[in-house]
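See structure below.
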Amino acid sequence: MSAKVLERFPAGAPRGAWPAEEFAAARRAEGEPATVVMDLQSDAFLVVVPANEED
């Protein structure tokens, strides 16, 4: 499975703040199947959507 990264957010957000989840929820409200994943190497949350085969 391949994915396209829409946005990345540092993992050190203030307590109680979920900017990656909020961004993904806004994309889902627009009809995009956005998901949040953790990139351990860069210590960041990534908002991703499935990549198209032609990308």
Could you work out the helix-only [θ] at 222 nm for the chain, with each DSSP H run of four or more residues adding -39,500 (n - 2.57) and the total divided by the number of residues, to the nearest 500 deg cm²/dmol?
-6000 deg cm²/dmol
Over the chain, what is the relative contact order in percent, taking alpha-carbon pairs closer than 8 angstrom and at least six residues apart?
47 percent
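For the chain, what does the accessible surface come to per residue with a 1.4 Å probe? Please give it in Å². List each step's numbers first, then the result.
On the way: 4120 Å² over 55 residues.
Averaged over the residues of the chain, the accessible area is 75 Å².
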Based on a Kirkwood Rh over C-alpha pairs, give the Stokes-Einstein translational diffusion coefficient of the chain at 10 °C and viscosity 1.306 mPa s in µm²/s.
136 µm²/s
Against the longest alpha carbon principal axis of the chain, how many degrees, from 0 to 90 and to the nearest 10, is the axis of helix 19-29 turned?
40 degrees
Could you sort 24-35, 7-18 so that the peptide with the highest average Cβ count within 10 Å comes first and the rest follow in order?
24-35, 7-18
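The values are calculated or read from the model by the stated rules, or taken from the named source; none is laboratory data. A quick note: this is a predicted structure, and the numbers were derived from the prediction, not measured. Here the Cβ is made from the backbone with ideal geometry for all residues, glycine too, and neighbour counts use every protein chain on show. Heavy atoms of the whole protein, side chains included, go into the accessibility calculation; ligands, DNA and RNA do not. Shrake-Rupley method; radii C 1.70, N 1.55, O 1.52, S 1.80 Å.
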